[in-house]
Every structure is written in C-alpha cells, then in structure tokens.
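Heads up: the structure comes next, in structure tokens.
The values are calculated or read from the model by the stated rules, or taken from the named source; none is laboratory data. On a predicted model such as this, the values are computed, not experimentally measured, just so you know. Cβ placement follows ideal geometry from the backbone for every residue including glycine, while neighbour counts extend to all protein chains displayed. Each accessible area value is taken on the protein alone, full model and side chains, heavy atoms only, with ligands, DNA and RNA left out. Shrake-Rupley method; radii C 1.70, N 1.55, O 1.52, S 1.80 Å.
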Amino acid sequence: MPPLMAIEFLCRAADVLNDYFGALNEDIIKDNFVIVYELLDEMIDNGFPLTTEPSILREIINPPNVVNKALSIVTGSNSNVSDTLPRATASCIPWRIAEPKYSNNEVYVDLVEEMDAIINRDGGLLKCEIYGEVQVNSRISGFPDLTLSFTNPSILDDVRFHPCVRFRPWESHQILSFVPPDGQFKLMNYRVRKLKSTPIYVKPQLISDGGTCRLSVLVGIRNDPGKTIDSVTVQFQLPPFILSADLTSNHGTVNILAKKTCIWSIGRIPKDKAPSMSGLLVIETGLERLHVFPSFQVGFRIMGVAFSGLQIDKLDLKNAPYRFYKGFRALTRAGQFDVRS
C-alpha cells in the first residue's frame, strides 16, 4: 500500500480522537478505551480506511459525557454504538450528514498559520516557512455547493485537501469547489516556503569570562504586520554546568522552572521601548568560559493577519434558495521558531 496512506490515516485518527475527547494522551486513551476501540473499529474495515469524518462518526458512536457514563453504570452496558447507521454512509457524499436544517445559515473561514524559522547567531535567516490551515465551520441547510477563491494562490507551494474538495477546479483555476461536511473541519493544509523576514527579532548576546557569563536578550518588531503582536515568550535551557542565574527584564516576567528551563513572558510588545532581559550566569568551578551556548525558542501570536500574505477573495454558494452569512478571520503564531546564540 502507499506509505502516505498509513501516515494520513494516523493523522486522521489523531484528529478524530482530539475531536471526541478534547485532547490526546495516554491517560485519556486509558479512561476512554471502549470508545477508542469502537472508533477504530468503524474507521478501519479489514485493513482499509472506511469512515473517518468526525460528524458521521458522532452519529454512529456517541461522544463521552456524564449522562452516558451514568447510564452505562446503571444498565451495565458499555456500548456507545448506535443501533442504526447514518443515512450518509450510503450516500455519494459520505462526509456530510443527511440534510441538516438551520434557521440561520452561516459559514466561517479561518486562516491559521504557524511560522517555522531558524536564525543564526549573526541574525541571518537560515529558514523561514509558513505551515497553514484553512479551517471552516459550516452550518448550512441541505447540500450546499461552495466555491472559495484566493487573491494570490500562486504563493502556495504544497497543498493537501479534505476529501470533499474537487481537484480539477483547483488544478485548472486554483478554486476550491466542495460540498462541506457539517460543522468544523480542515478544508486545506498548505505551505509557503522561503519567506524573507519575520515579524519580530530576538538578539541574544553572551559574554563569558572568569567563571561567569553576562547574558542580554533584546526583542523588538522587525516587520510590522499592522496588527498587535501579543503572547510573546522567549524560552531557553540553561547549560548543565550553570550553577545559578540572576535574570531581570524591563518588561514582562522571568521565571526559571525545573530542569533549568528559563521562560521570559513578555506578552504584548510596547511601541515606546524594546523589551530586554539581562543577568549574570555563574559557571561551575573549573570552567572559565561558556562552551555550550543555548538556543532560544520564541513564541508569539498575531490576530487578524496571515503573515504569508495569503488572502481570501470570495466565498460563493451555488444554487441556494436562501441567503447565508459568511465571515473570515486570520491568525499567525510561532511554530518552531529558534534563535541560535
């Protein structure tokens, strides 16, 4: 079988479990083992992926809640599987429940982007990429046929679609044509490579001599996106031979956690001054200088901006006898954003 088929199914299984339980870890799987087993039994049939759409699986297997747990204790039955199959399983559109009805028809589209970057000790940009998702929340009656277009689809390097997307319109005109699942789903994943700049800069400097090391870190806005940059954090691991650290900042708070992890929580970058952190690191006896330099992991969030430059042009609904409301949002946040020192 194609190797990517197994990888895609594992990603889809993780998404479904996250959708059911709100998170995914060992304890959650142990506490909900019966539901996990039932879900996998519906998602795979004789080794082949079958039903992987969360909205359809919810009609087959009830999500865990207090009422279901109480009933299972009273009746002694652990099964959460419905007695009847959803009508969508026999439909040509197996990812959509059969003819949902809403008094208010609405579609919300979110562009969610994560920036991965590596910056060397001289401030040079070694790598800068955007990994993005087009997330849709669809609450439309019947079987809507939607088309979504971008103003600049040529900037997208790699794309991956939900099964509802028709590939030919995208291949010929870069238009997303689809009949959406009901509720929230990921319509598309994409990547934008070789970006030339980042929204913020982080400039660390370490000077060591005589058994101590002087550390200073400066943070500021490099490429103003026009929106507020908030939730800014700088995290780094102190080298194992550091005995103690005395760090202060002119903005935000500095905390040294277990395993010598230092977190500088800046929050929102002020416009009147650049946040800075400085302090003294004491090296263990026998070492005069610092031989291992830490790497700084940066976090941030920008609401209302897709930093890749991707913009939604329009969203249309074909042959609909009713009007619908549509809304668009964007978010950019840091992914693996590393600054070397």
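Between PHE241, PHE307, PHE167, the Gaussian network model of the chain with springs among Cα atoms under 10 angstrom shows the greatest mean-square fluctuation at PHE241.
In order along region 329-336, the Karplus-derived 3J(HN,Hα) couplings, from 6.51 cos²θ - 1.76 cosθ + 1.60 at θ = phi - 60°, round to 9, 9, 8, 10, 9, 6, x, 8 Hz, and Gly and Pro are given as x. Solvent exposure of the chain amounts to 56 Å² per residue of accessible area, where only protein heavy atoms count and the probe is 1.4 Å. The residue list SER295, LEU310, ALA274 was ranked by how far each Cα lies along the charge dipole of region 236-341 toward its positive end, using unit charges on Cβ atoms, and LEU310 comes out on top.
Order LEU243, LEU206, LEU111, most accessible first, counting only protein heavy atoms with a 1.4 angstrom probe.
LEU243, LEU206, LEU111
With the whole protein complex present, LEU40 retains an accessible surface near 80 Å², based on a 1.4 Å probe. Since only SER341, ASN189, VAL34 are under comparison, the one whose Cα sits farthest along the positive direction of the charge dipole of the chain, derived from C-beta charges on Lys, Arg, Asp and Glu, is SER341. Of the labelled figures (1) 21.4, 78; (2) 19.6, 60; (3) 25.1, 80, only one reflects Rg and Dmax of the Cα atoms in Å as derived from the coordinates, namely (3). For ASP316, the shell of other residues with beta-carbons less than 13 Å away shows a net charge of +2, using +1 for Lys and Arg and -1 for Asp and Glu.
Report the net charge of residues surrounding GLY132, where surrounding means a beta-carbon distance below 9 angstrom and charges are Lys +1, Arg +1, Asp -1, Glu -1. Write down the numbers at each step before the final one.
Values: positive: ARG191; negative: GLU113, GLU114, GLU133.
Value of the local net charge: -2.
Where Lys and Arg each count +1 and Asp and Glu each count -1, what net charge lies around ASP209 among other residues with Cβ under 12 Å from its Cβ? It would help to have the intermediate numbers written out before the result.
On the way: positive: ARG214, ARG289; negative: GLU288.
Net of charged neighbours comes to +1.
Label point of ARG333 set 7 angstrom out along Cα-Cβ; within region 251-267, amide nitrogens under 18 Å from it belong to 264-267. With each label modelled as a point 7 angstrom along the Cα→C-beta vector, the VAL159-GLN184 pair spans 2.4 nm.
Determine the relative contact order of region 200-303: mean sequence separation of Cα pairs under 8 Å and six or more apart, normalised by residue count, in whole percent.
Details: 225 pairs, mean separation 41.6, N = 104.
Relative contact order for region 200-303 comes out at 40 percent.
In this view, the solvent-accessible surface of ARG139, computed with a 1.4 Å probe and all protein chains in place, comes to about 90 Å². Taking a ≥ b ≥ c as the square roots of the Cα gyration tensor eigenvalues, with a/c under 1.5 meaning rounded and otherwise prolate when a/b beats b/c, else oblate, which class fits region 155-262? Because a/c hits 1.5 or more and a/b exceeds b/c, region 155-262 counts as prolate. Dividing the summed -39500 (n - 2.57) terms of all DSSP H runs of n ≥ 4 by the residue count of the chain sets its mean residue ellipticity at 222 nm at -5000 deg cm²/dmol.
The distance separating the Cα centre of region 171-199 from that of region 13-40 comes to 27 Å.
Could you please put TRP95, TRP264, TRP170 in sequence from largest to smallest accessible area, using a 1.4 Å probe? Don't skip to the end; give the middle numbers.
Values: TRP95 45, TRP264 0, TRP170 20 Å².
Final ranking, largest accessible area leading: TRP95, TRP170, TRP264.
Carbon-plus-sulfur accessible fraction, the chain (probe radius 1.4 Å, protein heavy atoms only): 51%. Separation of the alpha carbons by more than 27 angstrom is noted, of LYS127/LYS314; LYS196/LYS271; LYS196/LYS227; LYS127/LYS326; LYS227/LYS260, for LYS127/LYS314; LYS127/LYS326; LYS227/LYS260.
Dipole of the chain, Cα-centred, from +1 at each Lys and Arg C-beta and -1 at each Asp and Glu C-beta, to the nearest 20 debye?
Details: 36 positive and 37 negative charges, 235 e Å.
Dipole about the Cα centre, nearest 20: 1120 debye.
Which of rounded, prolate, oblate describes region 200-303, given a ≥ b ≥ c as roots of the alpha-carbon gyration tensor eigenvalues and a/c under 1.5 marking rounded, otherwise prolate only if a/b is larger than b/c? Because a/c hits 1.5 or more and a/b exceeds b/c, region 200-303 counts as prolate. The angle between the Cα long axis of helix 33-43 and the longest principal axis of the Cα atoms of the chain comes to about 60 degrees, rounded to the nearest 10. The accessible-area ordering, largest first, of the residues GLU38, GLU26 stands as GLU26, GLU38, per a 1.4 angstrom probe.
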